[in-house]
């Protein structure tokens, strides 16, 4: 289920504005890859190109290749809707559908592919996904309550359950803990460590301790100044990045000597 | 700062007392409270007027009323209450036709503007729709009589020929539809009249859909339409109901266009393609008012009271629909 991603010479644009310039990197299957860097360096923008969510914004486009197990996501015969069914995403702020119950939220994506789901299959999938997201024990008695009745951390785990219910190849997480308290953050980090046995996980984070704790490999993005495009500075095994980075900019950022 | 302390260093309560802006805050509070109260007073005044003026006609025996008021004919078995009954029925029939036609079209236009059209086209289309709202109802009436009625007649004949076995489309006894001046035509014109308000309100609601929810749907592989079903409609549900009720309110009260188009009658007939079957409260009042004597005016006001009550009921129904499943409303 987990797949390898290779990005070759990717340029990301908003209209005429070049937001991320010439990124080439590889993401290993069954591992957690973290993107770190200062605000505005384009790491979230770059993440959104991996499931073609970037182009939801009017005028946004990319040049270059994103290969998932060798298939170019930006090929001529590729439908972005299908891409997103293979590459799941969890957002910065928890966004369960407020009009749906907890169970319906989990099933929302699955129902897009399977119009008719038997009652028992649906129940099994809800339990499996919620267990997978470490949420089952907390919500099993109130599956018909609205998703918005949960706490922020629970809502975020509900969103993860919703994402893994469709069995994606890759799971993208865009600062998934930045709106959460430390205890909920820990719960999500534990969950990520379990999920990486099955999924390729890419996480964008502002929190360098988090990147150091959870990720196997880390990529550092930086920006030369306002209006300049973001660039990939370097990428390596996480312990190497946080002890002996090869670039001065990485060392400055990691040690906090960066504006 | 204060005159009452002996040592200037020691703070007193008055240092933490009133501040500039407190008076303005109080004034504004009373202004807004007053504005709120004004609504209640106006509503109460209207209700009181309707009740007080309608009462003489309601209280009077139907025999006596029939002798004093020219348009109530007891010899044809008509009483005031029966006429009101026919008119409520006619009003509802025509308004429901208008809503059934206008709501889907309006929501379609609103969705196109908010989620499908390129920005520039969306803006232009929005202005056009707003312009529709600016056309006076008498112009709609003229257009209805001069253009729509003759245009629709062959379609009505077709419906009557092939679907005439359904009571709604039943033709007159002769089988021929000679005139298009029927409830259906009035309903179509009203539909066009209420289209802008339903469109405008729905469009605003759809544009308010949180990007967060739209992206949640798209990111799990929803198509545009699936995203609209998952995120936009549930979020905009109460807004769409509100928009429809605003449209219904206008349809219920519309006078001029109906008066000009419909060939009026007083029955409980479902046949919307037959002339001389239906009339609305507002159009009936406008038609009879110039010739009415004083008790006649009282009778007409009783009909106005009925319209007031229907509108109130419709709005309460809408509120109730919106308030069900409040937990799931998305407002939190």
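Quick check: residue separation of residue B:42 and residue B:25 times 0.36 nm, minus the Cα distance between them. What number comes out in nm?
Residue separation times 0.36 nm, minus the Cα-Cα distance, leaves 3.5 nm.
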**Request:** Report, to the nearest 10°, how far helix A:119-132 tilts away from the longest principal axis of the Cα atoms in chain A, using its own Cα long axis and a range of 0 to 90°.
**Result:** 40 degrees
**Request:** Mind checking the full-extension length gain between residue B:142 and residue B:211? Use 0.36 nm per residue of separation minus the Cα-Cα distance, one decimal, nm.
**Result:** 20.4 nm
**Item:** Acute angle (nearest 10 degrees) that the helix A:182-195 long axis makes with the longest principal axis of chain A, alpha-carbon atoms
**Value:** 90 degrees
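Take B:287, B:305 and order them by how many other Cβ atoms sit within 10 Å, fewest up front.
Placing the least packed residue first, the sequence is B:287, B:305.
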**Item:** chain B: most fluctuating residue of B:27, B:309, B:272 per GNM, C-alpha cutoff 10 Å
**Value:** B:27
**Message:** Helix-only mean residue ellipticity at 222 nm, chain A, DSSP H runs n ≥ 4 weighted -39,500 (n - 2.57), per residue, nearest 500. What is it?
**Reply:** -10000 deg cm²/dmol
**Message:** Defining a contact as two alpha carbons under 8 Å apart and six or more residues distant in sequence, what relative contact order in percent does chain B show?
**Reply:** 26 percent
**Request:** Take chain A, connect every pair of alpha-carbon atoms lying under 10 Å apart with a spring to form a Gaussian network, then pick out the residue of A:37, A:15, A:109 with the largest mean-square fluctuation.
**Result:** A:15
**Complete:** Quick note on A:110, A:253, B:116, ordering by fewest other C-beta atoms within 10 Å, gives B:116, A:110, A:253
**Request:** Report the FRET efficiency, 1/(1 + (r/R0)^6), for residue B:229 and residue A:57, where r is their Cβ-Cβ distance and R0 is 22 Å, rounded to 0.05.
**Result:** 0.50
**Message:** For the pair residue B:79/residue B:178, report the inter-label distance in nm, with labels modelled 7 Å from Cα in the Cβ direction.
**Reply:** 3.4 nm
**Centre separation in Å (Cα based) which lies between segment B:211-281 and segment B:156-177** = 26 Å
**Prompt:** How big is the gap, in Å, between the Cα center of segment A:197-259 and the Cα center of segment A:35-77?
**Reply:** 18 Å
**At R0 = 30 Å, FRET efficiency that the Cβ-Cβ distance of residue B:135 and residue B:324 yields, to 0.05** = 0.25
**Asked** Going by the alpha-carbon gyration tensor, a ≥ b ≥ c the square roots of its eigenvalues, is the protein assembly as shown rounded (a/c under 1.5) or, if a/c is not under 1.5, prolate (a/b greater than b/c) versus oblate?
**Response** prolate
**Complete:** Using alpha-carbon positions, the gyration tensor of segment B:62-328 gives root eigenvalues a ≥ b ≥ c; with a/c under 1.5 called rounded, otherwise prolate if a/b exceeds b/c, else oblate, the class is prolate
**Prompt:** Taking the Cα-to-Cβ direction at residue A:39 and at residue A:151 and moving 7 Å from each Cα, how far apart do the two end points lie in nm?
**Reply:** 2.7 nm
**Item:** Tilt relative to chain A, helix A:152-165 - C-alpha long axis, 0 to 90 degrees, to 10
**Value:** 80 degrees
**Prompt:** By its C-alpha gyration tensor, with a ≥ b ≥ c as the square roots of the eigenvalues, how is segment B:26-164 shaped: rounded for a/c under 1.5, else prolate for a/b larger than b/c, else oblate?
**Reply:** oblate
**Asked** By count of other Cβ within 10 Å, fewest leading, how are A:234, A:247 ordered?
**Response** A:247, A:234
**Prompt:** Between residue B:71 and residue B:125, what is the FRET efficiency for a Förster distance of 60 Å, r being their Cβ-Cβ separation, to the nearest 0.05?
**Reply:** 0.85
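Read-outs throughout are calculated quantities, based only on the coordinates presented, and are distinct from any laboratory measurement. Given the structure is predicted, the values throughout are model-derived calculations rather than measurements. FYI the Cβ positions are ideal-geometry reconstructions off the backbone, even for glycines, and counts take in every protein chain you see.
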